[in-house]
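Have a look at the structure below, then the notes.
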Amino acid sequence: MPHNVKTSRRAAWIFAPSLLVSFLFVYVFIGITVYISLSNWKIGTSPNLTLRQPFGGTYAELVQEQRFQADIRNVVVFTIIFLVLAILGGLVAALFIHHVSVGKGLFRTVFLLPYALSFIVTGVAWRWIFAPATGVNEILRSMGIENPPGWTTDTTILGALNDPSGTDFLKVQFGIPVALLPIIFAAAWQLVGFAMAMYLAGLASIPEEHLEAANVDGANVWQRLRYIVLPQLWPSTITCFVLLLHVALKIFDLVVAMSGSGPGFVTDVPGIYIYNYLTSRYDKASAMAIILLLLTLVVIVPYLVRGYRKERKA
Amino acid sequence: MAVETLEPTTSRSVQAPRQRPKKLAPKPRSWSIPRTAGGWIVLAVCTLATLGMLVPVYVIITTALSGSTGAPNFFLAFPDAPSLGAFKGAWTKLHGSLANSLQITVPAALVSCLLGSINGYVLSKFPFRGSNALFTVLLVGMFIPFQAVIIPVFQFLNMLHLQGSIIGLILVHIIYGIPITTLIFRNYYEGIPTAIIEAASIDGAGIWKTYVRVMLPLSVPGFVVAGIFQCTNIWNDFLFGFILASPAAWPATVTLNNLIGTTTVDYSELMAGAVLVAAPTVLLYLVLGRFFVSGLTAGAVK
């Protein structure tokens with residue numbers, strides 16, 4: 001590269017406006033949100049920017065709330081089940097589609113199709129599929145199940161770990177809310193194709209020689225999968241894990257379209273919490289937004305830093 | 001590995017199909033009948049899984065077609081008398097916001113692609129001290145939950161008297177689209193030989209002249225990939241439209257969501273609306289799927 005100080009400086013100036021705009025709209029605005037979360041600004045056009053006493057009182061208020069605790073439970077349950085479904089589903093789909101002899105393109109196209117849709121479209125479709133009176137419950141009833149779940153309006157918590165009535169602090173039952181399951185299925189349906197695409201790209205990059213060598217050594221299908229294919233798919237798995245985890249934490253539109261908060265906040269998530277308090281409590285909405293941001297950054301920053309380090313080595 | 005987000009040396013997935021790396025071993029052209037039992041099992045599993053994936057699509061379409069008789073009593077039932085009646089109602093309610101979505105998506109996607117292209121060009125061909133670190137700083141903007149900035153954004157648009165307007169939404173989509181388009185273009189330009197830039201520079205062309213005369217003409221595939229990606233993202237946005245737009249500027253996703261009434265839901269009209277909202281991005285995907293997938297694997301995806 002013909003490099004001199006002058007071109008370097010010009011290059012930096014060309015990049016500067018984008019960087020500045022991003023700096024303002026991302027970093028400065030996050031800073032403002034942090035400040036609001038610590039302030040007394042409840043609502044209104046004239047901001048009350050005095051700091052709340054005791055310091056961080058809004059956060060203390062949050063963690064005591066039933067709704068906040070339900071949100072944390074929901075986001076954890078949602079994330080775990082969704083990641084397992086989407087990543088395992090994507091891996092299995094990719095392994096099969098990679099080896100299919102006919103119609104590879106068609107299968108790939110169909111699996112990735114939901115990714116092109118808006119979460120709102122996905123949400124309205126799955127809301128109808130799980131409608132208690134006309135949806136999958138019809139199938140369950142025909143199979144002899146008398147009282148099928150109410151799905152997104154069901155308040156049952158599966159495998160509840162605790163009884164909230166006994167303690168002062170825990171105000172929700174920790175377990176798997178039945179109401180979340182339809183939303184998790186919908187999210188997995190929408191994003192399984194993303195995982196599949198990542199795994200197909202990973203599979204395409206495995207050198208044929210490795211597999212042929214294993215063949216010559218007499219390795220069977222499972223041995224080849226276990227010792228050659230899966231280890232080489234590890235980078236795809238990390239990418240899927242990080243990006244899907246970040247989708248799960250931020251989930252909002254899908255829940256809005258399918259159920260909203262649900263009875264007793266069984267399907268409430270941080271995104272909806274924040275939205276609801278945008279019209280009544282700026283401080284609470286901001287505090288929840290910062291908690292959500294921290295959860296996201298814990299995942300994303302190591303991933304970005306890892307990418308940056310790799311690049312410096314390259 | 002095409003999946004590694006930030007690796008310049010291996011990120012070839014956004015390149016024009018012509019520049020794709022050669023396959024390590026030539027694969028036999030598919031479309032052959034399976035020859036082994038295992039082959040048949042793989043085909044059967046793929047077919048069944050694909051049919052399973054299509055169930056929601058079938059449900060959306062058949063319910064949308066059940067217009068005149070109302071939504072069926074069972075979600076898998078095929079309508080007795082299929083009609084396009086529900087589409088009429090859905091169109092009446094949605095056409096205004098579909099137009100809004102179009103007015104938001106096209107300029108926002110164009111401008112964010114142009115900015116991303118300029119940034120990507122500078123970062124990949126004229127790296128300066130600290131440019132990689134600054135790029136990583138920029139990328140964070142792609143991943144933050146927008147709720148963490150929404151109150152300041154709201155106040156900022158208010159200050160500019162753009163609150164609730166289509167222009168405000170365009171502005172926001174452009175700003176938060178810069179990181180992803182920069183990433184896509186940077187990866188794309190990594191695949192274009194630096195020798196071309198060097199030649200132009202020896203001929204006396206500066207950064208801008210080289211961009212306009214040399215880089216832009218080579219950028220068409222990059223613009224297609226980033227453009228499809230941004231169009232899809234912006235068209236499918238709900239959060240910004242929901243929180244920042246006034247009813248007159250509602251994008252189609254928001255209006256569609258509002259069709260879910262609080263008491264009863266007209267599912268046939270709702271599904272017809274879903275078809276209308278989904279149609280543009282699905283068409284883009286079906287027609288230009290290869291580029292769509294490139295955008296996906298190019299870099300990280302929101």
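Return, ordered by residue number, the residues of region B:272-294 whose backbone nitrogen is under 20 Å from a label point located 7 Å along Cα→Cβ of B:Leu102.
B:272-288
What is the pair-distance distribution P(r) of the protein assembly as shown, computed from all Cα-Cα distances in 20 Å bins starting at 0, with each bin given as a whole percent?
Reading the bins upward from 0: 18, 51, 28, 3, 0.
Excluding ligands and nucleic acids, what accessible area in Å² is computed for A:His99 using a 1.4 Å probe, to the nearest 10?
Approximately 120 Å² of A:His99 is accessible to the 1.4 Å probe.
Treat each spin label as a single point 7 Å out from the Cα along the C-beta direction, and report the A:Asn40 to A:Lys310 distance in nm.
Taking the two extended label points, one gets 5.0 nm.
Say the cut-off is 31 Å between C-alpha atoms; which of A:Lys250/B:Lys125; A:Lys104/B:Lys93; A:Lys171/A:Lys250; A:Lys104/A:Lys313; A:Lys250/B:Lys93 go over it?
Cα-Cα > 31 Å for A:Lys250/B:Lys125; A:Lys104/B:Lys93; A:Lys104/A:Lys313; rest within.
Simple spin-label model, 7 Å along Cα-to-Cβ: A:Leu158 to A:Gln64 in nm?
So the two model labels end up 3.5 nm from each other.
Let me know the shape class of region A:234-300, please: from the alpha-carbon gyration tensor, a ≥ b ≥ c as square roots of the eigenvalues, rounded when a/c is under 1.5, otherwise prolate if a/b is greater than b/c, or oblate.
Oblate shape, in that a/c is at least 1.5 and b/c is the bigger or equal ratio.
Would you kindly calculate the translational diffusion coefficient of region B:197-286, applying Stokes-Einstein with the Kirkwood radius from alpha carbon pairs, for 4 °C and a viscosity of 1.567 mPa s, and quote it in µm² s⁻¹ without decimals?
It comes out at roughly 78 µm²/s.
Got a sec to turn the phi values of region B:217-230 into Karplus ³J(HN,Hα) couplings, 6.51 cos²θ - 1.76 cosθ + 1.60 with θ = phi - 60°, whole Hz, x for Gly and Pro?
x, 8, 8, 3, x, x, 5, 5, 4, 5, x, 4, 4, 5
Could you sort B:117-128, A:24-35 so that the peptide with the highest average Cβ count within 10 Å comes first and the rest follow in order?
Highest to lowest by the protection proxy: B:117-128, A:24-35.
Would you mind getting me the FRET efficiency between A:Thr279 and A:Ala16? Use the beta-carbon distance for r and R0 = 30 Å, nearest 0.05.
Given R0 = 30 Å and the Cβ-Cβ separation, E is 0.20.
Take the solvent-accessible surface of the protein heavy atoms, probe 1.4 Å, and return the percent of it on the protein assembly as shown that carbon and sulfur atoms account for.
The value for the protein assembly as shown is 68 percent carbon and sulfur by accessible area.
In whole Hz, with x marking every Gly and Pro, tabulate ³J(HN,Hα) for region A:145-158 from phi via Karplus 6.51 cos²θ - 1.76 cosθ + 1.60, θ = phi - 60°.
Computed from phi, the couplings for region A:145-158 are 7, 5, 10, x, x, x, 6, 4, 9, 6, 9, 5, 10, 6 Hz.
Taking the mean number of other Cβ atoms within 10 Å as a proxy for protection, how do you rank A:52-60, B:205-213, A:286-294, A:245-253 from highest to lowest?
Packing proxy ranking, top to bottom: A:286-294, A:245-253, B:205-213, A:52-60.
Give, rounded to the nearest 20 debye, the magnitude of the charge dipole that region A:1-79 has about its Cα centre when Lys and Arg contribute +1 at Cβ and Asp and Glu contribute -1 at Cβ.
420 debye
How crowded by other chains is A:131-138, given as the mean number of beta carbons from other chains within 10 Å of each beta carbon?
Partner-chain Cβ atoms within 10 Å, mean over residues of A:131-138: 4.
I need the semi-axes of the equivalent ellipsoid of chain A: take the C-alpha gyration tensor, multiply each eigenvalue by 5, square-root it, list largest first in whole angstrom.
Ellipsoid semi-axes (Å, largest first): 38, 34, 18.
If I model a spin label at A:Leu106 and B:Thr264 as a point 7 Å from the Cα along the Cα→Cβ vector, what separation in nanometres do I get?
Computed distance between label sites A:Leu106 and B:Thr264 equals 4.1 nm.
Between A:Phe55 and B:Leu110, how high is the FRET efficiency from 1/(1 + (r/R0)^6) when r is the Cβ-Cβ distance and R₀ = 45 Å? Nearest 0.05.
Result of the calculation: an efficiency of 0.45.
Is the shape of chain B best called rounded, prolate or oblate, per the rule: a/c under 1.5 gives rounded, else a/b larger than b/c gives prolate, else oblate, with a ≥ b ≥ c the square roots of the Cα gyration tensor eigenvalues?
Oblate.
How big a patch of accessible area, both sides summed and in Å² to the nearest 100, lies buried between B and A at a 1.4 Å probe?
Chains B and A together bury approximately 9500 Å².
About its Cα centre, what dipole magnitude does region A:168-260 give when the only charges are +1 on Lys and Arg Cβ and -1 on Asp and Glu Cβ, stated in debye to the nearest 20?
Approximately 320 debye in magnitude.
With a probe of 1.4 Å, find how much accessible area region B:251-293 has per residue, and write the answer as a whole number in Å².
Here the residues of region B:251-293 average 39 Å² of exposed surface.
Please work out the FRET efficiency for the pair A:Leu170 and A:Val28, using the Cβ-Cβ distance as r and a Förster radius of 30 Å; give the result to the nearest 0.05.
E between A:Leu170 and A:Val28, to the nearest 0.05, is 0.20.
Of all alpha-carbon pairs in region A:43-106, indicate the percentage at a distance above 17 angstrom.
69 percent
Mind running the shape call on region A:1-104? Use the C-alpha gyration tensor, a ≥ b ≥ c as the square roots of the eigenvalues: rounded below 1.5 for a/c, prolate if a/b tops b/c, oblate otherwise.
Oblate is the answer for region A:1-104, as a/c is 1.5 or above yet b/c matches or exceeds a/b.
Could you point to the residue in A:Ile120, A:Ala188, A:Ile290 farthest towards the positive end of chain A's charge dipole, with +1 and -1 charges on the Cβ of Lys/Arg and Asp/Glu respectively?
A:Ile290
In square nanometres, what is one fourth of the surface area of the convex hull spanned by the alpha carbons of region A:113-202?
Value for region A:113-202: 9.0 nm².
Under a 5 Å amide H to amide H cut-off, with H placed in plane at 1.01 Å, what residues pair with A:Leu158 once short-range neighbours are removed?
Long-range HN contacts for A:Leu158: A:Ile176, A:Val178.
Note down the magnitude of the dipole of the protein assembly as shown about its Cα centre, charges +1 on Lys and Arg C-beta and -1 on Asp and Glu C-beta and zero elsewhere, to the nearest 20 debye.
So the dipole magnitude of the protein assembly as shown works out to roughly 1900 debye.
Using +1 at the C-beta of Lys and Arg and -1 at the C-beta of Asp and Glu, which of B:Ala248, B:His161, B:Asn233 has the Cα lying farthest in the positive direction of the dipole of chain B?
B:Asn233
The values are calculated or read from the model by the stated rules, or taken from the named source; none is laboratory data. This one's a predicted model, so the numbers in the text were calculated from it and none came from an experiment. Neighbour counts are summed over all protein chains in view; Cβ atoms, including those assigned to glycine, are modelled from backbone coordinates with ideal geometry. Note: areas computed on protein heavy atoms with side chains; ligands, DNA, RNA excluded. Shrake-Rupley method; radii C 1.70, N 1.55, O 1.52, S 1.80 Å.
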